[in-house]
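Peer 1: This is the structure I want to talk about, given as structure tokens.
The values are calculated or read from the model by the stated rules, or taken from the named source; none is laboratory data. On a predicted model such as this, the values are computed, not experimentally measured, just so you know. Cβ atoms come from the backbone with ideal geometry, glycine included; neighbour counts cover every protein chain shown. These area figures cover heavy atoms from the full protein model, side chains too; ligands, DNA and RNA do not enter into them. Shrake-Rupley method; radii C 1.70, N 1.55, O 1.52, S 1.80 Å.
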Amino acid sequence: MSSLNKSTLGTQGTSLLEKSKKTSLWQRMMHPQARTAYLFLLPNLLGFLLFIAIPSVMAFGLGFTEWDGYNPVKWNGLDNYFRLVRDENFRIALQNTLLYTFGSCLLVIIASLSLALLVNQKMKGMSLYRAAFFFPHIASFIAVAVVWQAIFNPTLGPLNMFLSKFMEQPPGWLVSSNWALLSIILVSAWKMAGYYMLLFLAGLQGISKELYEAANIDGANILQRFRNITLPMLSPVTFFVIITCIINLFKSFDLVYVMTGGGPGRSTKLLVYDIFVQSFRNSAFGYASAEAIVLFLIVLAITYVQFKGEKRWVNY
């Protein structure tokens, strides 16, 4: 008897509970304050749909087509992806992108962490130094590229004028296929280091001073404190910096477009620049969309691997 009543009440109770939940959720959604919140969110949602979500879905679909922007779209299945495998330009662009991304990311982390340690000291006028180091981040990419073009000029640039005092043939920088990619990496790291310096600085100021005091009592030197306290306590910030830095670097386009145009030869051609060339110069929107999908999958795979490995080296 008790089990029958329990079963009957359980079924009816579950139904009433679900109905109650649906009603309460609907009421919460239709609450005047909620409607006001939706109105505030509406511009961002529309922007996301128009400029990110819908173009992303369309790019995924165009990757399986042949379209020049004027004639009707032709379905070609996986032909664009098979063509990518055979395309030497794509392989070089992918290789350059990986070198550029991991080289720049390594330099950015070293430079931003070093700057954060430097500006974390108590010193007169430190706010001015912090602002000076952060300034490249807010400077226009185009302005930065033009200034560094002048600095890297092989004959009239101040950098080679200085280096010529110590070596007979200074590097050709942007006009040399051996040095051009390294030049772009240096400029990219210089521009991004200030932003990530602030993130590391916030992490450093969140570390308890009691840990350092205890280490001092135990006789730890500065390197031991850095290795056993600073680096482990900064691991969440470092993880965030690596994720965002790699994603931002994979999207790089401005510096290459202004400083080298992908050259000399194909030495600085990156994937995003190649997508631009295929789309707006060669009118191969289907093939460019396939490249964009491959780029998205690469970034997704790297991010997934990093999140899977997070628990092994991020301390909290």
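Peer 1: Choose one answer from Ile151, Ile109, Ile92: the residue with the largest mean-square fluctuation in a GNM of the chain with alpha-carbon springs under 10 Å.
Peer 2: The residue with the greatest mean-square fluctuation here is Ile151.
Peer 1: Is segment 126-172 rounded, prolate or oblate when judged by the Cα gyration tensor, a ≥ b ≥ c being the square roots of its eigenvalues, rounded requiring a/c under 1.5 and prolate requiring a/b larger than b/c?
Peer 2: Taking the square roots of the gyration eigenvalues as a ≥ b ≥ c, segment 126-172 is oblate.
Peer 1: Quick one: Debye curve from the C-alpha atoms of segment 234-316, no solvent, what's log10 I(q)/I(0) at q = 0.18, 0.22, 0.24, 0.26 Å⁻¹?
Peer 2: Log10 I(q)/I(0), no solvent term: -0.82, -1.00, -1.10, -1.20.
Peer 1: So for the pair Val85, Ser56, with labels modelled 7 Å out along Cα→Cβ, what separation do we get in nm?
Peer 2: Computed distance between label sites Val85 and Ser56 equals 2.7 nm.
Peer 1: Which entry in (i) 0.97; (ii) 1.11; (iii) 1.06 is this structure's computed Rg/Rh (Cα atoms, Kirkwood Rh)?
Peer 2: Matching the structure shown: (ii).
Peer 1: Given 0.36 nm per residue, what is the gain on full extension from Val146 to Gln121 after removing their alpha carbon distance, in nm?
Peer 2: Gain on extension, Val146 to Gln121, equals 5.6 nm.
Peer 1: Roughly to the nearest percent, how much of the accessible area of the chain is carbon and sulfur, given a 1.4 Å probe?
Peer 2: 67 percent
Peer 1: By how many nm would the segment from Arg35 to Ile217 lengthen if fully extended, with 0.36 nm per residue of separation less the alpha-carbon distance?
Peer 2: Additional length available on full extension: 59.7 nm.
Peer 1: Express in Å², to the nearest 10, the accessible area of Val57 obtained by rolling a 1.4 Å probe over the protein heavy atoms while all chains stay in place.
Peer 2: 100 Å²
Peer 1: Which order do Trp179, Trp173, Trp75 take by accessible area at a 1.4 Å probe, largest first?
Peer 2: Heavy-atom accessible area, descending, gives Trp75, Trp179, Trp173.
Peer 1: Here's something else I'd like to know. As an exercise, use a Förster radius of 25 Å and the Cβ-Cβ distance of Phe162 and Val314 to find the FRET efficiency, rounded to the nearest 0.05.
Peer 2: 0.05
Peer 1: What does the net charge come to around Ser279 if you take all other residues with beta carbon closer than 11 Å to its beta carbon, with K and R at +1 and D and E at -1?
Peer 2: For residues surrounding Ser279, the net value is -2.
Peer 1: Using a Gaussian network for the chain with springs between C-alpha atoms less than 10 Å apart, which of these wobbles most: Phe152, Phe240, Phe60?
Peer 2: Phe240
Peer 1: Ignoring ligands, DNA and RNA, what accessible area per residue does the chain give at 1.4 Å, in Å²?
Peer 2: 63 Å²
Peer 1: Rounded to the nearest 0.05, what FRET efficiency do Trp26 and Leu49 have when you use their Cβ-Cβ distance and R0 = 35 Å?
Peer 2: That pair, Trp26 with Leu49, gives E of 0.90.
Peer 1: Let me cross-check Met233: its accessible surface, 1.4 Å probe, with only protein heavy atoms counted, in Å² to the nearest 10?
Peer 2: Per-residue accessible area (Met233): approximately 60 Å².
Peer 1: For Leu231, tell me the accessible area in Å² from a 1.4 Å probe, rounded to the nearest 10.
Peer 2: 70 Å²
Peer 1: Still on this structure: Can you tell me which of Met126, Met30, Met161 moves the most in a GNM of the chain? Springs connect C-alpha atoms under 10 Å apart.
Peer 2: Greatest mean-square fluctuation among the candidates belongs to Met30.
Peer 1: Quick check: net charge around Ile138, other residues with Cβ under 15 Å of its Cβ, Lys/Arg +1 and Asp/Glu -1?
Peer 2: Summing Lys/Arg as +1 and Asp/Glu as -1 gives +1.
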